[in-house]
Every structure is written in structure tokens, then in C-alpha cells.
Amino acid sequence: MAEQVQAVLERMVAPLKDLRDRGIFSEEEIRAIVNRRRQSEYLLQRRGTARQSDYLRYIEQEILLEKLRKLRKQKVMQEQHEERRRRRLEGLDDSDNDDDGENDDGTGNQGRKNGKGKKKHAYQSSGPGDSHIISHIHFLYQRLLKKFHYPVEVIVNYAAFAREHKSFHVMSRVYAEGLQHHPREEGLWIEAASFEFFGHIAQDNERSETTKLVGSSIQNARVLMQRGLRINGKTSQELWLQYFALEMHYVQKLRGRREILEGVKAKDDASDEDGDEDSEGERGKVTSVSNSMLLPSQIIYKNAIKSIPDNIQFRLRFIETCRQFPQTSELERYIMESVESDFGESVEGWVARISYGEEKLRRRIAKGKGGGGQVGFLANADDESGEDEGEDRPRKKARVAAQDPALILLDQALEAVPTAKMYLEGARYLRLRIQRLVGNTDDDEEEEDDVSYLLLQGEDVQTAVQRHVVLLDWLYSKATENGISSTSLTLDQVDSLLSDDEAEKAEKLLCTVSSSSDANAQLYLRWAQLSRELEASCVATSSSPERILRHALEATPIHNRSAYLLILTELMQTLMMQTRSTKRNEELKALLQKLLLLSQGVSKKGVDDGSDENEEELEANVAGTLLAYLKYTIPTGQCTSADNDAVRSIYTGALFNSNYGKSCVGKSSEEISAMKSFFDTCLHFERSIASTDHARNKKDMKNKKKLRLCKLYESAVAFFESIGGGAFRRLVDEYQRGLDDVKYGL
């Protein structure tokens, strides 16, 4: 071990001596560097105990040392520059007068030209010490990779270090070795291909100002991406997208070269996307070139959707990639045509078409090309709807005459896919447009231009808002007429009414829907919440929150435990906010027994709303309800024996007579936090009772309280230890110390 360490240190002698002679590091600093490196090398040479963290710590120290070396060199060079300037001003710099090769002392020693002045005036700007630390870091990284079989995170860090310090040949070797060991890591393929395509900036040394781009190769980048796709193409969306983007980058490079060589202006190229009618001959020329240039990207997209055919979001990401480059409208249309062809009868497909059409309209208006006409799918929808108009569709004909692109596409989507999910997406789309319009109702012209694509010709923002509100009401009424409903659609309509300050209509809607046979927990809970808010505002409601929740509890089947528990906990919370009474306390006790019984077998799958979209899963916080009821039961004044027994019956049933309080497995973070507060509240209650009993000197009662405290501490320790892995080790230790204090009086 010692011989190996000494061999490594002996390689450092010459470069460290150079750093010392040039004044970058002092003698003491060189000695400290050697001692630190010796200690680190001994850690790396330990048999069987060398750790990856030892290598990384060693590398981090060397990186900091290299930063210090650069600062020191700049400082020394600055001092030498100032010294030369001072001597030049004082007339002491006679280096230009020594052409005969003799020194000031007349010895004529050519090896010491200018005598001592050479060392003072012409500081050696470079030496073997400059590259020593970087080379040593490369040496450490290579040892680390071989020792631990090329971990991915180390490969990425090594490549970043090589890029930062312009060690590009090393960087290529690192990527090659990394891909040999980790061919399934798509990030390595992408980084390697990016390095091959974009190349690197080369320069001779630290002070050189001459740079050039070298190593840029589209062929090498394509080879890497194709190899990665052959291995990971069936599963890796990112590789396909990055390969697509690579070809788009190359197209932009070719266009830039063509503009330089042929003198084609960028504004002439833009005619392909904007559809300008001027310069037809020149535009046709550019279009043909653009089509041939985009052909590789189109082929990549075809192969990508063959490998991953059933993912519409994957295809839409190609649209997002196209929008990052100019003159890609034809390719975007091709992608959207494939979406329409393969997903024409799906909700996601229609949403994608509407979003694409609106984005095209917004971009066109933003560039000042046209005054509100339709483009993309909006234009196609307008033309098709005009052809298909009939006397049996007066509503659509009237709205098409108004040239409302949102209504045209929504009408087509709702007719093609008449489902609750489609109506919900359409309502959300219109509400989003209303929010954009309402946020731009000021008189500021710049603000109004942001939503100009939502305005019809001669229409202001306020009129557009009213038009969209009418359209949204029509959508909800059409869903009702066709008998299409779902929980999410109803809740969305309630939110729309509340945003328009029509809380009473929203409450009546919930009352009507909740009275149907397919009502579920979410509707009842929202109705109770809205009723509570209206009562607080002194507004009459159709029913009180208590009656709503009691009816919901009766209407919900008990075998639907998640929904039943959700309503049960909300009813208990509502009753505890009311004035105390004997009847209400008895009702709470009965509800508590149901809560403890049902909470033992509840599954964490949320509440099923009975529709095809279950976007928001609701879970009952049983622990929070238990905590609230415990605090509700603890009296604020003097405690009687009956009060103490009532409090103890609550935590006894929750912790000892029920499985709910015996394990934290399957509970959410909110429930676990509430259980901790529950344990702390029980312990505080028993401690306060115990101190009173001690003052009365009742030894037998004191022993009983001590036994209760021990059981509570043991229950808390078992609860937080049940998950395993030491996730709650701090809490377990805290409760264990409390248990020891109670047992042994520590």
C-alpha cells in the first residue's frame, strides 16, 4: 500500500516544484497539499473498504485547489504586469538595449540574458504545473469509474467536468465507455449525441483569444441516436423526441448556410408559414426546399408513432418541439393530421385539435397577419361546417354565421364524442378563455392585444366575455337536454356559477342533482359546504348542512366504505361546530362507533364518483376527526369523573379496541400528523389528571394513572414503529424516553 501511494506522489514532484518556483504556492502550501493528498491516497488504497465518497471528496478538494491556482496565477500575473509598468515609467527597463547578448555585468552569458532583469521582467506564463491538477482529477475519475464499474452519476459528473475544462477528447471517451456499460440509459445517448452535433470550442491555452468550433458532426450524432433507438426505441419517448429535435437543429443550420451563400432573406422564408400571397414564385421555391429539408424529421415522426402508437401526449410533444423552430407549419399540420386520423373519436384528440387551432390563431394575430380569420383546424372546421349546414340545425347555423371558431370546433367535438368527459373538457376550455378575457378588461391596449385572437371583428373585450358566458350556458344546457351528466361536470358548473356570484343558483343545482339516485359523496359534501357558507352570509338555503349530511349518510350504501367514511367524518365535524346538547352528544357517540368500525377496513382508493373520469380522489381523515372529537369532549373547566371516563373511552376505543390506532401503515401524512397530536393530547390529559391526584395523596389512583400513561406511551411507540425502516425514529425515541420517565421516575 505504501509503495503505491509513494509512486503516485512521486509523479507530482515536478509540477508542484514548478508551482512553487513561479510563486503560485508557497513552500508551506505545497507541503500541506502533499500531506492532504497522501492521506487521501491511503484512504483509496484500503483493501475492501474504499468508498465512493472517498473518491468524490478527494476530487472535490482537487477542484477547489484548481480554482485557487487560477486565482493565484491571475494575481501573480497582475503583479508582474504592474511591476513592468512601474519600471517602464521609471526608465529602468533596459531589456530592449541588450541586443549584443551581454548582461549588465558584462559577462556575456547568453543563458542569463538581461541578468536578473529577465526573471523580473519576463515572468514565465505557463509551465507543467498549470495542467497538473486537471490531469490529476482525470486520473482520480478514471480510477473511480474502474473501481465501481462505471456508475451513471459519476459518468455524468465526469463528462460535465471534462466539458467545463475543455477536455473534449476525454469527454468522448467517457461517453463511449459509459454507453458500453449502460446502454439502457437514454440520457447518456442524448448527451453523447448532443456533444457530437454541437461540437466544442477549442483554444490553445488559458490566455488565448483565438477560438474555433471543432468536432461538429451530424453523422456521428445520427449514428448515436439510431443505436440508442435500436436498443430503447420501444419504450423511450425522450430518445425519439431528441432525435426529432436533432434533425430540426440541423435544418436550421442548413438554412443559415443557404441564407449566407444565396442571399435569401429571412422574411422571404417566412412566407411558407404565414401564407403571404406576395412573391408567389420566390415563396414556391422556399417551400420546396423546406419540404425536402423537413423530410428526415417527418420520417423520424412516422417511425416514432409506429413504435409508440397509442399515446396522444407523445405526439403532441412533437408539436411543442416544432414550435421551438421557425418554418415548421407544414410539419405541424402533418402531425395534427395523424392525430386526427388515429384519435379522431377520442376526447384527447379533439382537445388537441382545438388547442392547436387556437395556438395557430394566436400566433397569426400576434404577427399581425390577418384580422381574426381562422387558421389550421379552425379554418378547416369553418369550411366543413358551412358545407354541412342544414335546416335541421338552426342553432349551429346561426353561430357559424357569427364566425365563432370555438363554437364550431366544440359543436363538432360534442357531436362526434357526446360523453360527459367531452362536455367537461369543453366547459373547462371555455372557462379558461373567459378567465383570459376577464383578466384583460383594462383599457391598456397592450393588455388587450394579448387576447385579440379571442375577439371577433368589431368586438370589444366585454362583449367577448358575454358571448363566451352565453356559450358556456348553452353547453351546460345541451348536456342536460341530452341526459349527459357526471359528478365532475356538475361540480364544474357549480364553480362557474359561483365565479359569476350566483351562489343561490349553484345551491339549487346541487339540491336538484343530489336528489337523484346517482348522487354521490362529492356532491353531498359540496352542497353541505355551500349551504354552510350561505347560512354564514344570512342567505336562506333549501336545507341545512346537518340535514344534508344526514340524508347523504342514509343514501350512501355502507359497503362503499370510502364514501361513507367521508360523509361520516364531515357530519361529525359539522355537529361539533354546533351548540352542545345531550341529543347531539349521543348522536356523536353513535357516529364514533361507526367511524371506528368502518375505519378498520377502509381502502385508500378515494371516492368513486360513478363517472368515467375520477380525477380527484378524496380520502377521509379519520385521525383528524378523532382528534377533533377528543378535544371537543375534554371539558375546559373542572373535570368530573364522568368527564374523565368519557375522554378515556374515546382514546381507549381508538387505540386499544380498534385496529386503526395500532399501525401507521397505509395512512397519509395528514393522518399520521393528526395521530401524533392525538397521542400528545391524550398524554397531556392524563398528566394533568395525575398531578391533581398526587396533590390529594391518593396512592391507588396515582398508580392507575401511571398505568394509563405507560399504556399510551407503549401504544405510541408501537404505532410509529409499525412502518419499519426507522422512518419515525425520532418520534419513537421521544416516546420511549417518556415511557422510561414514567416507569422509573427518571
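The values are calculated or read from the model by the stated rules, or taken from the named source; none is laboratory data. On a predicted model such as this, the values are computed, not experimentally measured, just so you know. Every residue, glycine among them, receives a Cβ derived from its backbone with ideal geometry; neighbour counts consider all protein chains shown. Ligands, DNA and RNA are excluded from the accessible area calculation, which covers all protein heavy atoms including side chains. Shrake-Rupley method; radii C 1.70, N 1.55, O 1.52, S 1.80 Å.
Odds and ends about this structure:
- Within region 535-545, being of a type outside the set (G, A, S) and either modelled with pLDDT under 90 or open to solvent by 30 Å² or more (accessible area, probe 1.4 Å) (or both) holds for E535, C538, V539, T541.
- Residues located in region 655-688, provided they are open to solvent by 20 Å² or more (accessible area, probe 1.4 Å), on the phi < 0 side of the Ramachandran plot and in contact with a Lys or Arg (Cβ under 8 Å, 6 or more places away or on another chain): F656, S668, T681
- For region 456-487, a residue qualifies if it is open to solvent by 60 Å² or more (accessible area, probe 1.4 Å) and either within 26 Å of L361 (Cβ to Cβ) or free of Cβ contacts under 8 Å to residues at least 24 places away in the same chain (or both), and the qualifying residues are Q457, G458, D460, Q462, T463, Q466, V470, D473, T480, E481, G483.
- Check on V470, farther than 18 Å from L549 by Cα, under 35 Å from the mean Cα position of the chain (by Cα) and part of a helix (DSSP H, G or I): no
- The residue list L746, L712 contains one member that is at pLDDT 80 or above and either exposed (fewer than 15 other Cβ atoms within 10 Å of the Cβ) or aliphatic (A, V, I, L, M) (or both), which is L712.
- Residue under evaluation A221, criteria (1) open to solvent by 20 Å² or more (accessible area, probe 1.4 Å); (2) part of a helix (DSSP H, G or I), criterion not met: (1)
- Considering only residues in region 184-198 that are more than 26 Å from the chain's Cα centre (by Cα) and open to solvent by 20 Å² or more (accessible area, probe 1.4 Å), the one that is farthest from K234 (Cα to Cα) turns out to be F198.
- Every pair of residues 6+ apart whose Cβ atoms lie under 8 Å, when the first sits in region 535-550 and is at positive phi while the second is open to solvent by less than 40 Å² (accessible area, probe 1.4 Å): none
- Residues of region 558-578 satisfying the condition of being open to solvent by 60 Å² or more (accessible area, probe 1.4 Å) and not in a helix (DSSP H, G or I): I558, H559, M577, Q578
- Highlighted here are the helices (runs of 4 or more DSSP H) found entirely within region 347-435 that include at least 2 residues which are more than 25 Å from R317 (Cα to Cα) and at pLDDT below 50: 376-387, 394-401.
- Test: T490 is assigned to a helix (DSSP H, G or I) and either surrounded by 21 or more Cβ atoms within 10 Å (Cβ to Cβ) or touching a Lys or Arg at 6+ places or on another chain (Cβ under 7 Å) (or both): yes
Each row is one residue, and each column tells you yes or no for (1) within 29 Å of M77 (Cα to Cα); (2) at pLDDT below 90; (3) of a type in the set (V, I, T).
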{"residue": "S125", "(1), (2), (3)": "yes, yes, no"}
{"residue": "H138", "(1), (2), (3)": "yes, no, no"}
{"residue": "A159", "(1), (2), (3)": "no, no, no"}
{"residue": "K166", "(1), (2), (3)": "yes, yes, no"}
{"residue": "A176", "(1), (2), (3)": "no, no, no"}
{"residue": "H181", "(1), (2), (3)": "no, no, no"}
{"residue": "I201", "(1), (2), (3)": "yes, yes, yes"}
{"residue": "K212", "(1), (2), (3)": "yes, yes, no"}
{"residue": "R222", "(1), (2), (3)": "no, no, no"}
